[in-house]
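The values are calculated or read from the model by the stated rules, or taken from the named source; none is laboratory data. What you see is a predicted model; the values in this text were computed from it and never measured. Heads up, the Cβs are rebuilt from the backbone with ideal geometry, glycines too, and the neighbour counts pull from every protein chain shown.
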């Protein structure tokens, strides 16, 4: 039933001939909503006094008489004026195919599905048809289909997938072999290949639950946090820069939000808690903020989420418009992450395709406005909160006083030594010369007489300064060094000030949000009550946040809203989150437009499965790991990726595990891991990238890619060539390009060559001198398997040829090692390495 | 070969010869390139750069765009206004929107430079563009451009992405290569020649593929060697060593692909190595202007300090288009045409840098028989005001003007030796036959064989077009 509705909706949108009997509610009103209702129904003030929200109102007509005559299109001005191009005014016209539909419908008597109501509330409201759209249905846990034991159904997930497979006469592919499975799971969960030890241990474990245990081990790994945080950071629009034009100002403290996400994911912080902290962490803190405990710093770091979008307010220009754009972008990120509908379409007028009104958009903004505070907008630089406690501040003042004192002591001591050495040296001159010499040196340079100048110039050895004391007195050096050391010791005690950047709602801000006429912030109209999208509540109700929370210093609007989202009954949030987790594992979502579940998005491939997982996520206490576990332990996930069944060649039904190209970060990290160069240092400020001589952006760091600086205008060359997110607001879904540029990076790039050389050295160290052992080792490191029959021979031949060739070319250095480097590079750049099995 | 040409062109010949990749033994994979599955309605064209037919026979198969960031002063270059000179120094009576209000003035500022008629067509061109004047009969000057916005970025984005001020959209070049793919199997389809002075204003947005995959993004050639990153083999890897490396890689990939027969992406990647290997050979060749004669060097001004850099890039642009690159766009660092002050020095300087090379491109394309199928565009995002900025003295400049300005186009189906449209009496607003950036885009795509209303991209369930549902017209009057 769900599918049928969806497909009907889509055919309508594409304007292809629909079912024979066209109905107003299902076929015609959606077209009118896009092209007509803005002026003829949405507003109380009707253009030409014509209301097209109901058939009977169209028949009644407006200033220019009836707009519709049942059975007679040529006497129906509504369609005649569309045909002539007169309506709608402006540049966008009704496509011909849709005019044809309206024509046909009028000819057929302009039927409606049901009797039309006697009275209508103002505005477009939400029709029964719109409410019937699958995504807006209340979330109800679907019954799990029955399966026979021979069906290899391990879990409810399998049952849902198998039901569709069976209906097409397709079976699950057999489970992949153990070696494939551990590579698949390790890359999926940690973004790193399994170590040889891990592979051996898993192969040796013959227990029935060896696979499940292996999954659990990787889920518990810190690397899991670094890998899955990156999935979230895509949709959160994570960036270490503001994206403000060519300056693209750095955000020195964005990393705390990145680290927050890593820690939250790793510890399986329940998603309701994680999003509560991200949306409203600051509302959990007292005002004024005072000394921050580490837990409180985390809460502020979490709100970095609301500041991740591009923000050009630092660059100057039209402040009101820039702030409005920054807010709109943040709302895009929030809705992409939690609502799965493009609320931005309702910024200027009612959403044309989904039941999201212009007012709804501003109701949502009103939830955040006291914090963003457009009328008291803070430029990016002004948003930081110091992490220094009162006590640390006092300590700093104290240490600074000590520092001044010690510094003066040191200076005095130096002067004392300079004087002493000067006297000692001047004593070496004959008595009569001493007075004029002393006078000359003690006189400041500008006031010296010509004779004094000459004296000074002729006797450079009397020009004693702190810098040359060492040439005269080792004792002076020793004494001063002691003072320097104690100065340094004092300085090292000085507390260093650092900051967290996020969104902090100021106490007492009561921002009244008004609808912006046509989305223009300079034209506010009616005020709105903050709240959730109307469509997300059952018919006749709406989640309003009418009163600000009196128990906390802030309005509490964001707290109220995010708690509402995670009550478990919200139709949007659970589905959106479950879909995103699924997409992380399979490379495509059940709804493959993961930020657009509305009419503009793609239909779900397995709607019941999605609903089931959304319910399961809520009932598990929003534990992402428990859903991971369920997905990874399923037969769907364990299937071989090599078996292709004709009835499902494109794998829409999941009759095999999809082969996926690794994401940019995984390619890089996997290379570092195999070469033995991976620097496992965790957390902290972004590792800066710099432009090299060839104008490419890279870093010299071997840390995991997630720690490299993400600048909107200056993406790291290797990562961006493999489709890491760039300048856009956020990334709902990675694209997967295949380009010659990537091939050049892999063939000639320094990073890949360096890792190949390091891998060759590692192979030599670990395998010793025997060429055949070296080759096995290289294959095992790169591909996590022993060489295939014939493969070792081919590689031996390659090595021999390369060594000989290099020798004839007069290669300077170890030709065997150079050959091995070349071999390692081909392993690191081959499809077996770049794609997950 | 192009569907509309009978004799193989110089471009065809260069496209078809000289790969020298047979040694790789992967000829079968090349066929991958030419197989482009037609897309179904509601679907995107295949994610590839295989050449594909547009909606109608094209007049142009390639385009070179000389983008003039900053707003070239049309009343000093291409749009003579005798009345502006006549009333110079008096107050302008119309409304003016100023960007730099602190230096605003309503004093009309007649051009300090002389215009005269050139060619058989008698197109009037300023003495600042003596070389362009010589190709007057080959170019069509459009004097009625209008963005309606005076700002740089807002108008730049209008020209590139189709909507004024909005970023995150694919650029004109992205749409072109998305719709048509590339005729070069050896070079990227969409190339950007950047300036040694740095990125133009609005940075990478100028060649972004927006919501399209990065495959359709402009590939930026660096302003100096290495112009293409990663093109050079690593130290210690000779041609012979690399050939063996790629041979081994192909073997590894071939075996792997047999295990995953249903994954087209694996074969695309194998083919991408092929292209990369070909690029190593052909790109360095395409970029090597030393292979041109001394006469060609002189034509483009490579023998002169003022014109050498821009001339080299113009010559490279020609060599790229010759090799089947679909779209080449040249940028200038910063915005040298943004003459707010001392226009009397600033404008001649940037003209000296660009005039000769730009004209040489037309001359050269024409004598090589390529001008008919290569569309050339010269122009900025805005023009400049007829009134002066600051005092009307030696330091006078001109403020932004998006209400009326000039560009020129040539070749690829454009009628040469004509002017089109008019601004008002002083060159402030376009008044006759107004052409906005969407009309410009519609015309460009039309010449390339694309109907702008039918070229769609689907992302996140949304259908987008370059000219996003707005009305735009193909300027038929300037087509031949």
Subset of segment B:116-134 (residues that are outside any strand (DSSP E or B) and crowded, with 23+ Cβ neighbours inside 10 Å): B:128, B:129, B:132
Qualifying positions in segment B:368-408 - in a strand (DSSP E or B), over 30 Å from residue B:92 (Cα atoms) and out of contact with any helix residue (DSSP H, G or I) (no Cβ under 7 Å at 6 or more places or on another chain): B:377
Enumeration of residues in segment A:55-67 that are crowded, with 17+ Cβ neighbours inside 10 Å and more than 18 Å from residue A:94 (Cα to Cα): A:55, A:57, A:61, A:62
Residue A:638, sole failed condition from (1) touching a helix residue (DSSP H, G or I) at 6+ places or on another chain (Cβ under 7 Å); (2) more than 18 Å from residue A:186 (Cβ to Cβ); (3) modelled with pLDDT of 95 or more: (2)
In segment B:161-181, the residues that are touching a strand residue (DSSP E or B) at 6+ places or on another chain (Cβ under 8 Å) and within 13 Å of another protein chain (Cβ to nearest Cβ): B:169, B:170, B:174, B:177, B:178
Where residue A:767 falls short, out of the listed (1) touching a strand residue (DSSP E or B) at 6+ places or on another chain (Cβ under 8 Å); (2) over 24 Å from residue B:233 (Cβ atoms): (1)
Pairs with Cβ under 6 Å, 6+ apart, first in segment A:276-294 and in contact (Cβ under 8 Å) with a residue 24 or more places away in the chain, second surrounded by fewer than 12 Cβ atoms within 10 Å (Cβ to Cβ): A:291/A:390
Residue in segment A:82-100 that is under 28 Å from residue A:515 (Cα atoms), away from every other protein chain (no Cβ under 14 Å) and buried (at least 19 other Cβ atoms within 10 Å of the Cβ) present: yes
Hey, residue A:1 more than 29 Å from residue A:591 (Cβ to Cβ) and modelled with pLDDT under 90 or not: no
Single match in B:213, B:196 (criterion: surrounded by fewer than 24 Cβ atoms within 10 Å (Cβ to Cβ), at pLDDT below 85 and more than 9 Å from every other protein chain (Cβ to nearest Cβ)): B:196
Residue in segment A:724-731 that is in contact with a strand residue (DSSP E or B) (Cβ under 9 Å, 6 or more places away or on another chain) and under 30 Å from residue B:207 (Cα atoms) present: no
Residue under evaluation residue B:232, criteria (1) surrounded by fewer than 20 Cβ atoms within 10 Å (Cβ to Cβ); (2) assigned to a helix (DSSP H, G or I); (3) at pLDDT below 95, criterion not met: (2)
Flag for residue A:524 being surrounded by fewer than 18 Cβ atoms within 10 Å (Cβ to Cβ) and free of Cβ contacts under 8 Å to residues at least 24 places away in the same chain: yes
Within segment A:645-661, tally of residues that are crowded, with 18+ Cβ neighbours inside 10 Å and assigned to a loop (DSSP other than H, G, I, E, B): 8
In segment A:164-176, the residues that are in contact (Cβ under 8 Å) with a residue 24 or more places away in the chain and on the phi < 0 side of the Ramachandran plot: A:164, A:165, A:168, A:170, A:171, A:172, A:173, A:174, A:175, A:176
Residues within segment A:563-597 that are assigned to a loop (DSSP other than H, G, I, E, B) and within 14 Å of chain B (Cβ to nearest Cβ), tallied: 10
Within segment B:246-256, considering residues that are facing chain A (nearest Cβ under 7 Å) and over 23 Å from residue A:751 (Cα atoms), the one surrounded by the fewest Cβ atoms within 10 Å (Cβ to Cβ): B:251
Options B:269, B:298, B:278, B:243; residue that is without any contact (Cβ under 8 Å) to a residue 60 or more places away in the chain, part of a helix (DSSP H, G or I) and more than 7 Å from every other protein chain (Cβ to nearest Cβ): B:298
Considering residues of segment A:716-730 that are within 9 Å of chain B (Cβ to nearest Cβ) and not in a helix (DSSP H, G or I) only, the residue farthest from residue B:281 (Cα to Cα): A:729
Filter result for residue A:627 (modelled with pLDDT of 95 or more, away from chain B (no Cβ under 14 Å), part of a helix (DSSP H, G or I) and over 30 Å from residue A:30 (Cβ atoms)): yes
